[in-house]
Structure formats: C-alpha cells, structure tokens
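Notes to accompany the following structure.
The values are calculated or read from the model by the stated rules, or taken from the named source; none is laboratory data. Note that this is a predicted model, so its numbers are computed, not measured. Please note: Cβ atoms are built from the backbone with ideal geometry, for glycine as well, and neighbour counts cover all protein chains shown. Ligands, DNA and RNA are stripped out before the accessible areas are found, and what is left, the full protein with its side chains, is counted by its heavy atoms. Shrake-Rupley method; radii C 1.70, N 1.55, O 1.52, S 1.80 Å.
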Amino acid sequence: MFDRLEQTEARYEELTQALASPDITNDSAKYQKTAKAHSDLVPIVEKFREYKELKKGIEGSKALLASETDPEMRTYAQDELTELEARIIAVEQELKIMLLPKDPNDEKNVILEIRAGTGGDEATLFVAEIFRMYSRFAELQGWKVDVLSSSESSAGGLKEVIAMVEGKRVYSRLKYESGVHRVQRVPETEQQGRVHTSAITVAVLPEAEEVDVKIEAKDLRIDTFCSSGPGGQSVNTTYSAVRITHIPTNTVVSCQDEKSQIKNREKGMRVLRSRLYEIEMEKQQSALAKERKAMVGSGDRSEKIRTYNFPQNRLTDHRIGFTIHQLEAVMDGKLQPLIEALTTHYQAEKLKQEATSLV
C-alpha cells in the first residue's frame, strides 16, 4: 500500500512541475487534462502527507517518553502519543479506502427516475415529496436539477418524474438510492386515522455518454456501380453510385444522388455513421432498461430498501440497519448522515473483498 502511495506522491510532483511548463500552459487541451489529473491526486496526497506527519509525531512522542524523567512532561507525551496513535489508525483506514478501485461512473451526472408503486394516490403524493427531498439535497450540494418529464396525478402528486441531476460527483453520492422506498403514515383522506403503507421506486442511472462511432477502414466494403433511374434504366455510364457495407453489423448504405463518386461516398458515410449511432444507442438503452429493472424490482412493498415512518418520525435503511429519528430534516433534503452511512458501509464491504482476494 505504501509503495503505491509513494508512487502517487511522485506522480503528483511530476504533474505539479508539468503545470508550470510552457509546453503545457500554451496548449489548452493539454493543460486541462494535466490539471484534471493533478486535481484528482490532491486528496490522496494530502492524506498521505498527513499520515507521514502523524508518524513523525508518534516517533517524537516515543522519543520524549524514553528520555524524559519529569512526570508532568511524561504525562503530556503519553497523552499526545495516545491521541496521535488513534488518529493515525483512522487516517490509514481513509487511505485504504482512497486506494480502492474507483467506480468509473462516480464522476458522472445522473438520470433520477421516481415512480409510484403500490398505494394509489398516496404513492403519487410520496413521489412528489421524495423528488422535493432530492431536489433540496441537490441544492445543498450546489447541483443543478432539470426535470426532463413528469406525470401528475389527480390527487396533486406525481405518477412519475424523470430529472437530470448535474454537478460534482453526483453519481458517487446518489448511487445507493436506487430501490423501493416505503412510506408509512396516515393519509389525509383517511377518516379513521389508520396508518397506510405505500411504496415508490427510485432509479439512479449514470448519465449515458454520447456514443462515438468509430469506423475502421478494414470493416468496410465499398462497391461502385452505374446510377440507375426509374425502371432500371441507366442514368449515366460512369460508376458514380456507391454501396457501402459495414461488415461487422451487415449494415448496407447505397447513395447515387450525386454525379460524383466522391460526393456519393461522403453522403453514404454520413448515413452509415447515423445508422451505426442508432444501433449503438439502442444497445445502450436496452442495457439501461435491464439495469433499471434490476434496480427497482416490481415496486412491491416487500422489496423495500428503506422505510419512512411518519408517526414515529423514523427513517430506516434496511440494507445496513441504519435508523435516524429526524425524518422531517431528511425530507427537507438533509440526507448527509444517511449518504455517509451507506458510503462507509459499502466501502468497508469493498475493503473486505479486497483483503479476501489477496489471501
């Protein structure tokens, strides 16, 4: 672990020097790329340097204890040593977490989808409240929320709402929110004061990046032929028409609009790129649909990941056994304690998996 940290610090120093180099500062693209790489290393390098300072402090306190005879000074050195040793254990754990393999989606914006499940009108009202909760949380984080589509219910709630959430490391903070959220409370329409249980589904999807269509020359077969008109008659006797076949997908494009073979080829390539782009997007949407289904299940109450119990002012996340009796604050967007608890839990799980894989 410490070898990796030393290498990371050395890389950080290299990037620091590179940022001052004219070759980098005069090239906007290179500068942005280098600055991003440098910025990514700052947290771990700062934490590693804190670790090294703590280690020096521990060595100093031990040396003082070994040489000092004054009782008061020894007590002071022992107290300082105890404090430093506790802190260095915590910092070492933080470093281990920082060295875990990064989720490639952590830096991405997200598509947030919230839909009513079981519970009728009460579920639609809860969809609106949960969307407000996430919107308030996003506001506190300095993120931007843009509603892409929504469907209102007759009760004044939302049957569903789909929004884009943009900002710094949005997916890393919201990725554990996907699943069935259950609410227990007395609806306003309930005459006898009975507690009802409803459920909604939340899906947090990393924003799909625009698909770049890369066409290799070896994947193309290009045939030329004479342009033909109605009834198959020849329009001209030159081989200006072009048929392009993309071999891996067996996508075929023909173009004969222009008298120039070069122009027909250019048009054909544009059409081919558009078709391949559509194919890739369909694959991507299919994958997202499967991911969404796995995330939210059927929306049944029994599949809950979390319960919001209003009569008891209690929120419980069933995956990690986390309970907080500050439901009003949570519904107002103060999700930080819950987000941190989930993040800590799943990071600990990853550390266990890493340790097991090394055995």
The simple spin-label model distance between HIS325 and ARG4, using points 7 Å out along Cα→Cβ, in nm, is 4.1 nm
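Mind running the shape call on the range 18-111? Use the C-alpha gyration tensor, a ≥ b ≥ c as the square roots of the eigenvalues: rounded below 1.5 for a/c, prolate if a/b tops b/c, oblate otherwise.
Numbers: a/c = 5.40, a/b = 2.24, b/c = 2.42.
It comes out oblate by the Cα gyration axes.
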Solvent exposure ordering (accessible area, 1.4 Å, most first) of MET331, MET98, MET1: MET1, MET98, MET331
Segment GLU129-LYS55, extension gain: residue separation times 0.36 nm, minus the distance between their alpha carbons: 21.8 nm
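Using 0.36 nm per residue, how much length does the chain from ARG243 to TYR346 gain when fully extended, once their Cα-Cα distance is taken away? Write out the running numbers ahead of the final one.
Details: separation 103, 0.36 × 103 = 37.08 nm, distance 5.31 nm.
Additional length available on full extension: 31.8 nm.
Sorting LEU327, LEU140 by accessible area (1.4 Å probe), largest first, what list results?
Details: LEU327 0, LEU140 100 Å².
From most accessible down to least: LEU140, LEU327.
What GluC sites (Glu not before Pro) does the range 104-148 have in DSSP loop regions with at most 16 other beta carbons within 10 Å?
Values: sites: GLU107, GLU113, GLU122, GLU129, GLU139; in loops: GLU107.
Sparse-neighbourhood loop GluC sites (Glu not before Pro): GLU107.
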Evaluate E = 1/(1 + (r/R0)^6) for ARG169 and LEU19, where r is the Cβ-Cβ distance and R0 equals 22 Å; express this FRET efficiency to the nearest 0.05. 0.45
